[in-house]
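These notes are about the structure you will find just below.
The values are calculated or read from the model by the stated rules, or taken from the named source; none is laboratory data. Bear in mind the structure is a predicted one, so any value in this text is a computation, not a measurement. Virtual Cβ from ideal backbone geometry, glycine too; neighbours counted across all protein chains shown.
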Amino acid sequence: MDQSILDACLVCHSTREMQRGPVLDGLPEWYLAGQLREFKLGRRGNNPANRAGVLMGAAMAKVETEAQFTTLARHFAALKPKPFIRVIRGDIATGRAHYATRCASCHGARGEGKREIESPPVNVQEDWFLLDQLRKYANGQRGVHPSNAGGLMMKAAAAALSPDDLRNIVAYIAKDLTVTSPLQKVAPPKP
């Protein structure tokens with residue numbers, strides 16, 4: 001593996017707290033390689049309203065070959081998901097109900113994702129990142145490329161939910177579906 005490319009990835013995709021992008025550890029190789037291709041092809045990372053996506057799109061200039069996609073994806077997929085501090089609060093019961101009716105058919109009952117429909121797992125990702133992405137789908141910063149069917153579907157699904165619904169779903173995922181133990185438990189909001 002080209003260490004300079006991996007180091008460039010880790011500027012944002014580690015827990016070093018430089019530019020915090022999502023931690024990729026434990027995401028499936030098929031999903032990571034697919035997302036790298038989406039950025040390289042301009043189906044992601046081309047909306048100026050989504051600064052983080054544009055930065056990732058620009059970073060893809062370093063990744064030039066299919067072998068590099070595969071090597072990077074394999075590297076991150078082989079790592080264990082990292083525990084994280086839960087920061088999103090919400091109504092767990094409401095989130096569970098919304099997840100069951102609106103999310104599980106694509107992302108799996110345990111948040112494990114479904115490769116056959118290229119739907120990523122949601123049970124390894126930090127809660128702040130999941131909420132950020134749902135908000136970007138809901139407000140049209142993600143899921144806008146006409147060739148990205150999954151993104152368009154997510155955009156429509158997120159737009160149909162209220163900001164509270166999005167928080168509740170993410171709080172449920174973080175509490176009940178995440179495959180790692182939290183670093184710190186978040187107390188429920190005070191009435």
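Scan Leu24, Leu36, Leu32 and give me the residue that is under 14 Å from Cys9 (Cβ atoms), part of a loop (DSSP other than H, G, I, E, B) and not β-branched (Val, Ile, Thr).
Testing whether each residue is under 14 Å from Cys9 (Cβ atoms), part of a loop (DSSP other than H, G, I, E, B) and not β-branched (Val, Ile, Thr) leaves just Leu24.
Please verify whether the stretch 91-104 includes one or more residues that are buried (at least 17 other Cβ atoms within 10 Å of the Cβ), closer than 22 Å to Ala33 by Cα and of a type in the set (Ser, Thr, Tyr).
No; the residues of the stretch 91-104 include none that is buried (at least 17 other Cβ atoms within 10 Å of the Cβ), closer than 22 Å to Ala33 by Cα and of a type in the set (Ser, Thr, Tyr).
Looking at Phe84, Phe69, which one is buried (at least 16 other Cβ atoms within 10 Å of the Cβ), at pLDDT below 90 and in a loop (DSSP other than H, G, I, E, B)?
Testing whether each residue is buried (at least 16 other Cβ atoms within 10 Å of the Cβ), at pLDDT below 90 and in a loop (DSSP other than H, G, I, E, B) leaves just Phe84.
Looking at (1) part of a helix (DSSP H, G or I); (2) touching a Ser or Thr at 6+ places or on another chain (Cβ under 6 Å), which is the only condition Leu131 fails?
(2)
Taking Gly151 as the residue in question, decide whether it is in contact with a strand residue (DSSP E or B) (Cβ under 7 Å, 6 or more places away or on another chain) and closer than 26 Å to Arg37 by Cβ.
Taking the combined requirement at face value, the residue does not satisfy it.
Does any residue in the stretch 162-182 that is without any contact (Cβ under 8 Å) to a residue 40 or more places away in the chain come within less than 7 Å, Cβ to Cβ, of a residue that is outside any loop (DSSP other than H, G, I, E, B) and hydrophobic (A, V, I, L, M, F, W, C) six or more places away or on a different chain, and which pairs are these?
Short answer, once both residue conditions are applied: Leu166/Leu131; Leu166/Leu134; Leu166/Ala138; Leu166/Ala158.
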